[in-house]
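Encoded as structure tokens, the structure appears first; notes follow it.
The values are calculated or read from the model by the stated rules, or taken from the named source; none is laboratory data. Since the model is a prediction, treat every value here as computed from it, not as a measurement. We place every Cβ from the backbone using ideal geometry, glycine too, and count neighbours over all the protein chains shown. Ligands, DNA and RNA are stripped out before the accessible areas are found, and what is left, the full protein with its side chains, is counted by its heavy atoms. Shrake-Rupley method; radii C 1.70, N 1.55, O 1.52, S 1.80 Å.
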Amino acid sequence: MRPRGLAPVSLVLALTLAGCAMTTALDVGYPEQGANRALLASAAPRRVQISDVVDHRMETARVGTKPKDGGDIVTSRPVVDIVREALGVEMSKNRHVLVSDRPDVVLTAAVEVFRLDAVQGYRSLQYVGEAIIALTVVDGSTGDTLLTRRYVGIRRREVDKPDESQWREVLDTALARAMHDLATDPDLVAAVGGSRAPSARPAT
Amino acid sequence: MLLCPDGQRSSADAIGQRTRSVVRRIRSGVVAVALLSLWGCASTPAPAPTARPFDDVRRLAIIVSGESALSVVGHDAEPGRTFDEILAWYPTKPWMRPLADLVHKGINRARELGRTATISGSIDDLAPRTIVAASMARTLRASGWFDEIRTLEREPTAEDRWRDDAVVRVMVPTWGLVRVREDPDLVAGFAEVRGYLMAPGTGVIRWEASQDVTAPEQFPLDAFKKDHDFARQQLVDILERAGQRLASELMYARSAGR
């Protein structure tokens, strides 16, 4: 006789294993330990509110597909939360204070691309991770737009032995590159400081 | 509920208890396996980068260094994949596999050279390391962090050597076009760049970075073959982007650990 208690547990196990095979969730992020004080700290400390981070990706259900079985690759947290957290880390690390009211400047961001692609070679695989974040800085008191800029982080990596840990590394690095460009952008420094700066370098 | 004589009931109870005990143990084991499976799906956190601060550097020289090779990287799976299918019919002849690998590499090397030749005519006069170094210098100057930044095509002379607080050597080992998307096949400009910063006369490296820089825009390869001006502009753009990237990473690491 088959014990009845095993049936639901077996179902959970089967679903778990099936889920693992079909969908992989990546814990992508921008850890605070990896962030440095950068050019963004040149602006006097400001009260910064990160208001809206919206998802403008064409495909929001996944960040990529697995090269072998076509299963979905997703992030374990919503992409907008990952980007909001990354922006918060950069602002805090650069001595600005995150607030929810009476801000000096307000940041809004749109995630335009957050994606992992793979190109299958003969004995190798190339991953391309891409994070494109459009950032707008608004004066907290007047509502004037001080800066609109797109930050693009791309990581390309060729591997001989594909491994799931590489997917996360590629997306982590793409996000980090976008954040590093942001934290070292003199125009953003000026905007966070409260002035509308002339463009010192072209939008990347 | 069935009523049984005492002896039968105690025997049935004992069997029931043993069964429940076994089910509990199996359930615990299955839950543990499920948890381990889920744990296996997650990856470990990426290690934090390490760097030594160099925010005392105010005068910087950027020196171009090394050789640069233009290439059009296809990452072609064929004809190797077809060879594999054919070889599956001849499992007793393992010596054929290395031969197939060699043929695959040879064919794709010839393809790559052919593709590179079609775009190289329009960019013969481009100096990739110089473009990267100039773009890097522009980006660093815009930061306002440095009093002086100069770019050099060769190592400084003996009397000039102590003028700078630090030198950054910039290399561009490869650059060109790389296939970044399948179905449809699309390519993008790329540049592999390296930079390292050292104090003159010490040999101590205070920062180094390797960057795989890829253009965000992707096009069919034909677009580059047919329009040489377009190809040239795209490749200049990616080299400038590579200079900006190196500069961003250098500035980001400048106060690391502070």
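So how tilted is helix A:79-93 from the main axis of chain A? Cα-based, degrees 0 to 90, rounded to 10. Relative to chain A, helix A:79-93 is tipped by roughly 40 degrees. Within the assembled protein chains, the solvent-accessible surface assigned to B:Thr202 is about 80 Å², based on a 1.4 Å probe. Report, in whole Å, the centroid distance computed from the Cα atoms of segment A:28-104 and segment B:162-240. One Cα centre to the other: 26 Å.
The value obtained for segment B:184-257, namely the Cα convex hull volume divided by the number of residues, is 107 Å³ per residue. Summarising the label geometry, the points placed 7 Å from Cα in the beta-carbon direction at A:Thr142 and B:Ala110 lie 6.7 nm from one another.
Kirkwood-type hydrodynamic radius, segment B:46-151: 18.8 Å, calculated from all non-identical alpha-carbon pairs. Helix A:164-183 axis versus longest C-alpha principal axis of chain A: approximately 10°, rounded to the nearest ten. With the largest listed first and rounded to whole Å, the semi-axes of the equivalent ellipsoid of segment B:95-219 from the Cα gyration tensor are 37, 19, 14. To the nearest 10, the accessible area of B:Met96 is 50 Å² with a 1.4 Å probe. With both residues required to sit in segment A:22-192, DSSP beta bridges show an antiparallel share near 70%. Rounded to the nearest 20, the size of the Cβ-charge dipole of segment A:78-200 about its Cα centre is 180 debye, with Lys and Arg at +1 and Asp and Glu at -1. Taking the protein heavy atoms of segment A:22-192 in the context of the full set of protein chains, the accessible area attributed to carbon and sulfur is 47 percent at 1.4 Å. Considering only A:Leu116, A:Leu107, A:Leu39, the Gaussian network model of chain A with Cα springs below 10 Å gives its largest mean-square fluctuation to A:Leu39. From the P(r) of segment A:22-192, can you give the percent of Cα pairs sitting at distances over 18 Å? Considering segment A:22-192, 60 percent of its Cα-Cα pairs are separated by more than 18 Å.
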